[in-house]
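Here's the structure, in structure tokens; my notes come after.
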Amino acid sequence: MPTVGALLRGNALPRLECSLLLAHLLQTTRESVLAHPETLLSANGAEAFAELAGRRLRGEPIAYLVGMREFYGMRLRVTPEVLIPRPETELLVDAALRRLAESSTVRVLDLGTGSGAVAIAIAAQRPYARVEAVDVQPGAVELATTNARTLAVANVQFHRSDWYAACRVAHYEVIVSNPPYIAASDPHLTQGDLRFEPRIALTPGSDGLEAIREIVHGAAARLAPGGWLLFEHGYDQAERCRDLMGRAGFAEIATLRDLAGIERVCEGRKPLVPAD
Ligand code: GLN
């Protein structure tokens, strides 16, 4: 029977990835794996490790192999049916939280929720908010519901909807979304983790802005007066997103940069009094 230390040393995978797979198999933390290299793995465990390590070497994302990803300090279950939550998307959560007073019973809508990451993070940080989150994929709705339940976040509800199709009119104080925004021709789609993620969550087709257009155009009708729309976009889409927002009648339009300095989130406010 091999020790954890022997597997960590004798493997082509980076040590970090190796320790994540071992922590998953031993149902413990990465820190504990590294602190106890003398731990023995059973024959079955060693076989399972070899299988996972092989899949990782062939490019499968770690998050799918271990079925988990951390986002906003929460452990979320992820499957190949949903996008793997990205650290930069925490910016979208922070930006939405700035528009949500702590003690008021505001209504929030998250479009294309996937694993539920954004909706659950907002709901957890704003216990008085009522968060509704939708996805067109039934598998995502089911997974997000499980994630909220596991994390005991009760003020978020998930249901199936093709963007706004099943959403209420003039109802929400804040609408958020991390939609698919990669252009269909972008070579990144054929590289790294993205090869294994659902296409529908990554690209809306052609120029990458179709989903964003639909979200921006439908937002004014669903937002309460003075409500905010915030969404994530691609590294080169900020100006086109601000344009779309301006033409849709939004005010206070701004672009926010992520920690890497990349323009990443667009926000704007529905005027309190409609412009004529
Ligand atoms: N930010 C992701 C990436 O470029 C894409 C996420 C998305 O399409 N919403 O890998």
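The values are calculated or read from the model by the stated rules, or taken from the named source; none is laboratory data. Quick caveat: nothing in here was measured; it's all calculated off a predicted structure. Glycine also receives a Cβ, built like all others from the backbone with ideal geometry; neighbour counts cover every protein chain displayed. To get the accessible areas, we keep the full protein, side chains included, count just its heavy atoms, and leave off ligands, DNA and RNA. Shrake-Rupley method; radii C 1.70, N 1.55, O 1.52, S 1.80 Å.
Things to note:
- Identity of the residue in region 73-89, touching a strand residue (DSSP E or B) at 6+ places or on another chain (Cβ under 7 Å) and within 15 Å of the ligand (Cβ to nearest atom), that ends up farthest from R264 (Cα to Cα): V78
- Filtering region 1-59 to residues that are outside any helix (DSSP H, G or I), within 32 Å of the chain's Cα centre (by Cα) and without any contact (Cβ under 8 Å) to a residue 12 or more places away in the chain leaves P14, Q27, T28, T29, R58.
- Among the candidates E60, E17, residue that is open to solvent by less than 60 Å² (accessible area, probe 1.4 Å), touching a Lys or Arg at 6+ places or on another chain (Cβ under 7 Å) and within 27 Å of T150 (Cβ to Cβ): E17
- All positions within region 124-145 that are in a helix (DSSP H, G or I), in contact with a helix residue (DSSP H, G or I) (Cβ under 8 Å, 6 or more places away or on another chain) and buried (at least 24 other Cβ atoms within 10 Å of the Cβ): A144
- The set of residues in region 236-261 being open to solvent by 60 Å² or more (accessible area, probe 1.4 Å), closer than 14 Å to T89 by Cβ and either assigned to a strand (DSSP E or B) or modelled with pLDDT of 95 or more (or both) consists of R257 alone.
Conditions (1) over 17 Å from R107 (Cα atoms); (2) within 12 Å of the ligand (Cβ to nearest atom); (3) under 16 Å from the mean Cα position of the chain (by Cα); (4) touching a residue at least 60 places away in the same chain (Cβ under 8 Å), marked per residue:
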site	(1), (2), (3), (4)
Y164	no, no, no, no
L189	yes, yes, no, no
P198	yes, yes, yes, yes
A219	no, no, no, no
P225	no, no, no, no
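- Within region 191-227, the set of residues being open to solvent by less than 30 Å² (accessible area, probe 1.4 Å) and either in contact with a helix residue (DSSP H, G or I) (Cβ under 8 Å, 6 or more places away or on another chain) or of a type in the set (K, R) (or both) comprises L202, T203, L209, I212, V216.
- Any hit, region 108-122, residues being part of a strand (DSSP E or B) and either away from the ligand (no atom under 15 Å from the Cβ) or surrounded by fewer than 18 Cβ atoms within 10 Å (Cβ to Cβ) (or both): yes
- Scanning region 146-178 for residues that are among the hydrophobic types (A, V, I, L, M, F, W, C), part of a loop (DSSP other than H, G, I, E, B) and either open to solvent by less than 40 Å² (accessible area, probe 1.4 Å) or on the phi > 0 side of the Ramachandran plot (or both) yields A152, V153, W163, C167, A170.
- In region 76-88, the residues that are within 9 Å of G114 (Cα to Cα) and open to solvent by 50 Å² or more (accessible area, probe 1.4 Å) form Cβ pairs under 7 Å with partners that are within 13 Å of the ligand (Cβ to nearest atom) and part of a loop (DSSP other than H, G, I, E, B), at six or more places apart or across chains, as follows: E81/P198.
- One residue stands out among those in region 94-107 that are touching a residue at least 40 places away in the same chain (Cβ under 8 Å) and either among the β-branched types (V, I, T) or in a helix (DSSP H, G or I) (or both): the one that is most open to solvent (accessible area, probe 1.4 Å), which is V106.
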